[in-house]
Structures are given as structure tokens and as C-alpha cells.
Amino acid sequence: VMLANHLKAFHAQEKICKLALKQRKFIPGGTIWAVHSLMAQMANRGQFKELIPFGTAEYDTFAKKNPKDQNLAPVCAYLGMAHQVNGDAHASIVWNERALELFAKALTPLEKVGTDTKVPNRELIDNMILQYAGSYANLGANYMSVGNYGKAKSNFQASLKQLERVKDGPHKQQLQRGIQEHMGRLKHW
């Protein structure tokens with residue numbers, strides 16, 4: 001799956017992930033990786049209406065075994081984003097708050113990791129922190145849309161704080177620009 005993603009063979013990646021989900025009881029370690037991959041593809045294609053029932057069903061499947069499983073954080077983040085795109089701010093808030101709780105647990109051992117800290121799998125850690133920061137930003141945008149400007153501002157600030165831990169890159173810069181744009185609207189709060 002990782003090789004297919006790297007080679008941009010997305011059809012093959014999707015086929016492998018769907019096959020893994022059909023055979024989930026035979027795969028040691030579970031299939032959450034396949035769920036993450038399929039949800040990422042759906043989000044990249046803009047298939048947010050399809051992502052919600054798929055992600056919710058998969059969340060329920062995995063949460064039955066362990067509702068505090070940190071691997072569910074990206075699932076919750078994708079569901080929060082999908083609900084936000086579909087205009088359901090309240091459902092998005094619920095999913096983003098779940099995502100933040102699970103990301104916080106997963107990233108607690110990495111609290112001291114900064115942009116110049118040398119650690120193995122740096123790219124993986126940066127991606128997790130970017131998703132964590134993105135969940136804060138999405139939560140801020142949702143609070144802004146429901147008129148809770150104080151919570152919106154605090155979530156945007158928390159997102160910017162997390163972004164300080166990540167090396168510069170296009171995703172970080174894009175997220176920072178979006179947050180700064182929202183913060184400009186909240187300067188009186």
C-alpha cells in the first residue's frame with residue numbers, strides 16, 4: 001500500500017485496501033491502516049458524503065474493541081472534516097474533539113519534539129502533528145461558524161502552537177495561511 005501510494009498507483013492502493021478490509025480477520029495487527037488510506041483517498045477526491053458512512057462504520061467497528069485506540073485519531077479527523085465540508089458544524093465539532101483527545105494521547109511521548117529535534121521517522125511524526133494541528137484549525141473554524149468566537153480563537157492559537165513543532169513545508173504553510181486569515185477576522189476577540 002505504501003509503495004502504491006509512493007508510485008501514485010491509487011487504484012491499486014484502493015484495491016489492496018478494500019481486499020484487506022474483506023479479509024480483516026486474517027490480517028495480524030488489524031486493518032486500520034487500510035481505513036486511513038481509503039479515507040484519505042475519499043477526501044482527496046472530494047467524496048465527503050461517501051466518507052461519512054464508511055468512516056462512521058469503521059470507527060464503530062474499531063471502537064468496539066478499544067474506544068481509546070490512538071489509531072482512531074485520523075479516522076475522527078477525517079470524519080470531522082467531512083462533516084464540516086457538508087455543513088454540519090455540530091457533528092464536526094464532536095468528531096474533531098474526539099480526534100484531538102486521541103492525538104493528544106498519541107503525541108504525549110513526543111511533547112519535546114521540535115523542528116530541529118532529530119528523531120527516527122521524522123516525516124511520520126510531522127504528519128501526525130500536522131493532522132493534530134489541522135484538527136485544532138477545523139475545530140476553530142467550526143466554533144467560528146456557530147458563533148463561539150472565544151473557543152474559535154483558542155483553537156486557532158493551539159493549532160499555531162502545534163505547527164511550531166513541524167518543519168517547514170507546503171502543508172504547514174497552507175494551514176498557517178488559513179489560520180492567519182481566520183485570526184484576522186477574530187482580532188477583536
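Basic side chains Lys and Arg get +1 at the Cβ, acidic Asp and Glu get -1 at the Cβ, and with that the dipole of the chain about its Cα centre reaches some 180 debye. The shape of the range 14-115 comes out oblate: with a ≥ b ≥ c from the C-alpha gyration tensor, a/c is at least 1.5 while a/b does not beat b/c.
Accessible surface computed residue by residue for the chain, with neighbouring protein chains in place and a 1.4 Å probe, gives 57 Å² per residue. On the chain, 56 percent of the accessible area sits on carbon and sulfur atoms, based on a 1.4 Å probe.
By how many nm would the segment from Leu110 to Glu97 lengthen if fully extended, with 0.36 nm per residue of separation less the alpha-carbon distance?
On the way: separation 13, 0.36 × 13 = 4.68 nm, distance 1.99 nm.
Separation in residues times 0.36 nm, less the Cα-Cα distance, equals 2.7 nm.
Bridgeable aspartates and glutamates around Lys68 (alpha carbons under 19 Å apart, same-chain partners fewer than 8 residues away excluded): Glu58, Asp60, Glu97, Glu101. Remark on the range 45-189: Rg and Dmax equal 15.1, 45 Å (Cα only). Model label sites at His171 and Leu21, defined 7 Å from Cα along the beta-carbon direction, differ in position by 2.1 nm.
How much length is gained if the chain between Gln70 and Glu123 is pulled fully straight, taking 0.36 nm per residue apart and subtracting their Cα-Cα distance, in nm to one decimal? Stretched out fully, the Gln70 to Glu123 stretch lengthens by 17.3 nm.
Straight Cα distances below 18 angstrom link Lys112 to the aspartates and glutamates Glu123, Asp126, Glu164, Asp168, with same-chain residues fewer than 8 positions distant left out. Axis of helix 89-107 versus longest Cα principal axis of the chain: the two differ by about 80°, to the nearest ten degrees.
Could you tell me whether the range 126-189 comes out rounded, prolate or oblate from its Cα gyration tensor? Rule is a ≥ b ≥ c as square roots of the eigenvalues, rounded for a/c under 1.5, then prolate if a/b exceeds b/c, otherwise oblate. Spell out each step's value before the answer.
Details: a/c = 2.33, a/b = 1.84, b/c = 1.26.
Since a/c reaches 1.5 and a/b is larger than b/c, the shape of the range 126-189 is classed as prolate.
Exceedance of the 26 Å cut-off in Cα-Cα distance is limited, within the set Lys64/Lys161; Lys8/Lys105; Lys151/Lys172; Lys65/Lys118, to Lys64/Lys161; Lys8/Lys105; Lys65/Lys118. Counting only residues at least eight positions apart within a chain, or on another chain, the lysines with an alpha carbon under 19 Å from that of Lys49 are Lys18.
Working note: Karplus 6.51/-1.76/1.60 with θ = phi - 60° gives the range 161-174 the couplings 5, 5, 5, 5, 7, 10, 5, 4, x, x, 5, 4, 5, 5 Hz, where Gly and Pro are set to x.
Helix 73-85 and the longest principal axis of the Cα set of the chain meet at an angle near 60°.
Entry note, the chain: the mean residue ellipticity at 222 nm calculated from DSSP H runs of n ≥ 4, each adding -39500 (n - 2.57), is -24000 deg cm²/dmol after division by the residues and rounding to the nearest 500.
Computed from the alpha carbon positions, the gyration tensor of the range 91-138 leads to an equivalent ellipsoid with semi-axes of 23, 10, 8 Å, biggest first. Residue-wise HN-Hα couplings along the range 15-27, as the Karplus relation 6.51 cos²θ - 1.76 cosθ + 1.60 with θ = phi - 60° gives them from phi, are 4, 5, 5, 5, 5, 4, 5, 5, 9, 4, 6, 9, 9 Hz; Gly and Pro carry x.
Put Arg24, Arg45, Arg165 in order of accessible area, highest first, and with a 1.4 Å probe you get Arg45, Arg24, Arg165. Here is the P(r) of the range 64-127: all C-alpha pair distances, binned every 10 Å from 0, give 21, 40, 30, 9, 0 in whole percents. Averaged over residues, the count of other Cβ atoms within 10 Å places the peptides 166-174, 53-61 in the sequence 53-61, 166-174, highest first.
The values are calculated or read from the model by the stated rules, or taken from the named source; none is laboratory data. Treat the numbers as computed from the prediction; the structure is a model and nothing was measured. Don't worry about glycine lacking a Cβ; one is built from the backbone with ideal geometry, like all the others, and counts go over all protein chains shown. Protein only, heavy atoms only, side chains kept; ligands, DNA and RNA dropped before computing areas. Shrake-Rupley method; radii C 1.70, N 1.55, O 1.52, S 1.80 Å.
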